[in-house]
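Contents: one structure, followed by commentary.
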Amino acid sequence: LAGFSMAQADLLRRAMGKKSQEVMEAQRKAFVEGCAHHGILGPQANRLFDLMEHFSGYGFNKSHAAAYALISFRTAYLKAHYPAEFMVALLSSEMGNTDKLVDYLEEAKRMGLGVLPPDVNASHAIFSIEQPRTLRCGLGVIKNVGMAAIESLLHARGARGQFHTVHALCQEVDHRLVNRKVFESLIKSGACDT
């Protein structure tokens, strides 16, 4: 319509995608001028540009739409038919993002799922299902407790069984991996309450 080269068309596409008002106005002027050279009057050219600009706010190609629809369908199916498993996977994938964790934990409770706190005698590194509709927080959600410390703790628990005292916990783990800061974080989080 405006006789744009591929480079000019890509510049217009990028400006629409980024919603840059200054660049959009410059592109509008170039588009209207180009349309005038091809016999399309100013009001028509402006209307066409407005339509393209409006479409750029929500439009994307059909292959993307189909892929998103399929993922949405599968996600909704899993959430409806396997709520505990779905929420465990979702929560575990976002363990480093506190804001999302809070939202997803609230969603789990809204769905009627119980959520148990981290526990050195029951938790794994990531979220797990403790009972059919009950989730257990993983030790990985506790700040200052890294994977190496968690692996040492899980190894010790596997070798000796549950820890009945904090003293027993302290004796069994590798102190190069589980230091004072880790113990303090475990205790403050309530993971040693049992």
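The values are calculated or read from the model by the stated rules, or taken from the named source; none is laboratory data. Everything quoted here is computed from the prediction, not taken from an experiment. All Cβ positions, even for glycine, are placed from backbone atoms using ideal geometry, and neighbour counts span all protein chains on display. Note: accessible area is taken over every heavy atom of the protein model, side chains too, but ligands, DNA and RNA are not part of it. Shrake-Rupley method; radii C 1.70, N 1.55, O 1.52, S 1.80 Å.
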What number of residues within segment 120-152 are open to solvent by 20 Å² or more (accessible area, probe 1.4 Å), hydrophobic (A, V, I, L, M, F, W, C), part of a loop (DSSP other than H, G, I, E, B) and free of Cβ contacts under 8 Å to residues at least 40 places away in the same chain?
-> 1
What do you reckon, is Met87 over 30 Å from Leu139 (Cβ atoms), among the aliphatic types (A, V, I, L, M) and in contact (Cβ under 8 Å) with a residue 24 or more places away in the chain?
-> no
Residue under evaluation Met95, criteria (1) surrounded by 13 or more Cβ atoms within 10 Å (Cβ to Cβ); (2) in a helix (DSSP H, G or I); (3) of a type outside the set (Asp, Glu), criterion not met = (2)
With the condition kept exactly as written, say whether any residue in segment 74-82 is at negative phi, surrounded by 11 or more Cβ atoms within 10 Å (Cβ to Cβ), more than 32 Å from the chain's Cα centre (by Cα) and not aliphatic (A, V, I, L, M).
-> no
Return the pairs, sorted by first residue and then second, in which the second residue is surrounded by 16 or more Cβ atoms within 10 Å (Cβ to Cβ) and not hydroxyl-bearing (Ser, Thr, Tyr), the first residue lies in segment 25-51 and is touching a residue at least 40 places away in the same chain (Cβ under 8 Å) and within 20 Å of Leu11 (Cβ to Cβ), the beta carbons are less than 7 Å apart, and the residues are 6+ apart or on different chains.
-> Ala45/Phe31; Ala45/Val32; Ala45/Cys35
Please work out if Glu94 is in contact with a Lys or Arg (Cβ under 6 Å, 6 or more places away or on another chain) and not hydrophobic (A, V, I, L, M, F, W, C).
-> yes
Just checking, which of Asp99, Asp50 is within 30 Å of Glu130 (Cα to Cα) and among the acidic types (Asp, Glu)?
-> Asp99
Would you check if there is a residue in segment 164-175 being crowded, with 18+ Cβ neighbours inside 10 Å, on the phi < 0 side of the Ramachandran plot and within 28 Å of the chain's Cα centre (by Cα)?
-> no
Of the criteria (1) surrounded by fewer than 11 Cβ atoms within 10 Å (Cβ to Cβ); (2) not in a loop (DSSP other than H, G, I, E, B), which one Gly39 fails | (2)
